[in-house]
Structure formats: C-alpha cells, structure tokens
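This report concerns only the one structure given below.
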Amino acid sequence: GLRWHGPCVCGAGGVKTGIFKALRQSLADKVPCATVTDTETGQQCLYVGSECMGDLVVPDAALATVSQMIQTDSSGVLENTSLFVRVYGPPFRMIIVGAVHIAQALAPMAQSAGYEVTIIDPREAFASAERLAGIAVLSDWPDEGMVKVKPDIRTAVVTLTHDPKLDDPALEQALKSDAFYIGSLGSRRTHGKRLERLRESGFTDEDLSRIHGPAGLDIKAKSPAEIAVSILAQVVATRRQAQV
C-alpha cells in the first residue's frame, strides 16, 4: 500500500479542507506531493508537479528545497523559516530486468527495505511463479515492460541478464526516464562494450554517467545473495545521496 498517513484538517502538517480534494487526487494518482504550512499564519499550499495551490505564497528558493524533500521523502521545517513541509508519496520502486538467481535474492531484500518490486523477463523458464513467489512479474520484452511500468524519480532500475538483447532496451528506456538509480550487472569489459552500443544509439557521455556499472558497491561480493546486498546498498546510498 501507499506509505502516507491519513491527512487531517488542522495542525502543522495537517491539510486544510480547501486543498484536501487536490491532495486526495494526487494520492489516488500516486503522484508525489507535499503540503507547505506557515506555522505562524496558518496559510497553506499543496505543492504538486511544479505548482503550489492554496493561500500561501512560497518563494522559489524554498520551493526548490521542497522539491528536494519530495525526492528524498523527507518532511520537516525549512531552515530559518516558519514553514513546515509534509511530504506524501507512493512507495519507492525497483524494476529488475532478468529473473536470474541474483534477482531471486535482490527482490525480497528490496521489498523488506520498502521498495515495490517488479521483475521483467520474457523468458518463461526464468520468470516462473515457483522461483519468484510474491513478486510481480511482467513477461514482456524489456522495452515494452519499461513503457508499462513508467519509471520515475522514485524508481530504481537494475538489469541483470548480461544479454544485450534484454539489458540494452531496458537501459535505453531507463535513461529516457527520471529514474534515480540505474544499474547494470557485468564486468568492466562488458560494461565498456555496453556503453559503446548505447553511444551508437545516440546517448551522450553525460547520459551514460547515470549508469552504475558494474552495479553494486565494491564489497568483493561473490554469491548471488552478496551481489544482491551490494546492489541494494548502492541503491539506498544513491537515494539517500550518501557519499560512498
């Protein structure tokens, strides 16, 4: 389910009845948003997309901070102001391309960390219900599946197949999206060849710098479970904007 608390109509972080309908619609559409409340005057606005609706006028600089807070799922008082920001958002997601052994370990780990997980793999032998119990699976080709899941700024994309016919189309779609994390498994040599193919498809070096390859923190992981730990750790570090 969605990870927000039921809104109220009073108090710091509460929601005025005048903007409650718009907030409720944003929640129904799973669109991240935030209420901004002046704790001194009681004025309030709903910040969704790039607009604020309500009786509170928020300076552009403060709105930039609110936008960052939405991206990091952080609520609180803006520094040196009387403005309280309450962030509302759907779960962060992880899209895994390739129902391989690492995916079998990574998917439940990511779920435990609060991610809504979807695995994309057109190969029926890999994407069976027995191997991936409790995980949402799309049996589409990755480019089609990625269009369906629509990765956004609250989405991590991880490709695990080592097969350019599967990984490359998924990476192309991920690079066209706002996904906060893009990772692809494979050796440095494999990743170098992958980048060459993506350049030939028209992506710039700046685009390609978004790809973590090989995916995962360098913890000398060997087993599928250890590799899954390294990937999830890198996803969390990227999301939290940690320096690793």
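The values are calculated or read from the model by the stated rules, or taken from the named source; none is laboratory data. All figures in this text were calculated on a predicted structure; none of them were measured in a lab. Virtual Cβ from ideal backbone geometry, glycine too; neighbours counted across all protein chains shown. For accessibility, only protein heavy atoms count, side chains too; no ligands or nucleic acids. Shrake-Rupley method; radii C 1.70, N 1.55, O 1.52, S 1.80 Å.
Go through the residues of the range 37-51 one by one and say whether even a single one is under 24 Å from I153 (Cα atoms), aliphatic (A, V, I, L, M) and surrounded by fewer than 19 Cβ atoms within 10 Å (Cβ to Cβ).
Looking through the range 37-51, none of the residues is under 24 Å from I153 (Cα atoms), aliphatic (A, V, I, L, M) and surrounded by fewer than 19 Cβ atoms within 10 Å (Cβ to Cβ).
Mind counting the residues in the range 58-75 that are over 20 Å from F180 (Cβ atoms) and either at pLDDT 95 or above or in contact with a strand residue (DSSP E or B) (Cβ under 9 Å, 6 or more places away or on another chain) (or both)?
Step one: filter the range 58-75 for residues over 20 Å from F180 (Cβ atoms), giving 58-62.
Still in the list and also either at pLDDT 95 or above or in contact with a strand residue (DSSP E or B) (Cβ under 9 Å, 6 or more places away or on another chain) (or both): 58, 62.
Qualifying residue count for the region: 2.
Here's a check for you: in the range 181-191, which residue that is assigned to a helix (DSSP H, G or I) and open to solvent by 30 Å² or more (accessible area, probe 1.4 Å) is nearest to D168 (Cα to Cα)?
Selected residue: T190.
Between a residue in the range 185-213 that is touching a residue at least 60 places away in the same chain (Cβ under 8 Å) and any residue that is of a type in the set (G, A, S) and buried (at least 16 other Cβ atoms within 10 Å of the Cβ), which pairs come within a Cβ distance under 9 Å, given they are 6 or more apart or on different chains?
So the pair list comes out as L185/G98; L185/G213; L185/A215; L185/G216.
Does D167 qualify as being within 14 Å of I95 (Cβ to Cβ), open to solvent by less than 80 Å² (accessible area, probe 1.4 Å), touching a Pro at 6+ places or on another chain (Cβ under 8 Å) and not aromatic (F, W, Y)? Spell out how you get there, then give the answer.
Details: within 14 Å of I95 (Cβ to Cβ): yes; open to solvent by less than 80 Å² (accessible area, probe 1.4 Å): yes; touching a Pro at 6+ places or on another chain (Cβ under 8 Å): yes; not aromatic (F, W, Y): yes.
Judged against the criteria, D167 is a match.
Can you tell me which residue is farthest from A179 (Cα to Cα) among those in the range 103-154 that are among the hydroxyl-bearing types (S, T, Y) and either in a loop (DSSP other than H, G, I, E, B) or open to solvent by 30 Å² or more (accessible area, probe 1.4 Å) (or both)?
S128
Report every pair of residues separated by at least 6 positions or lying on different chains whose Cβ atoms are under 7 Å apart, first residue within the range 14-32 and farther than 23 Å from P91 by Cβ, second of a type in the set (V, I, T).
Final answer for the pair search is K16/V9; T17/V9.
Conditions: (1) part of a helix (DSSP H, G or I); (2) at pLDDT 95 or above. V85 meets all but one. Number of the miss?
(1)
Any idea which of T204, T159 is of a type in the set (S, T, Y) and buried (at least 22 other Cβ atoms within 10 Å of the Cβ)?
When all the criteria are applied, what remains is T159.
Test E206 against the stated conditions and say whether it is under 21 Å from W141 (Cβ atoms), in a helix (DSSP H, G or I) and of a type outside the set (F, W, Y). Give the steps one after another, and end with the answer.
Details: under 21 Å from W141 (Cβ atoms): no; in a helix (DSSP H, G or I): yes; of a type outside the set (F, W, Y): yes.
When the stated conditions are applied, E206 does not pass them.
Of all residues in the range 206-244, how many are out of contact with any helix residue (DSSP H, G or I) (no Cβ under 8 Å at 6 or more places or on another chain) and under 19 Å from K176 (Cα atoms)?
3
Of the conditions (1) over 18 Å from the mean Cα position of the chain (by Cα); (2) open to solvent by 40 Å² or more (accessible area, probe 1.4 Å); (3) over 26 Å from D140 (Cβ atoms), A221 satisfies every one except a single condition; which number is it?
Tallying (1) over 18 Å from the mean Cα position of the chain (by Cα); (2) open to solvent by 40 Å² or more (accessible area, probe 1.4 Å); (3) over 26 Å from D140 (Cβ atoms), A221 fails exactly one: (2).
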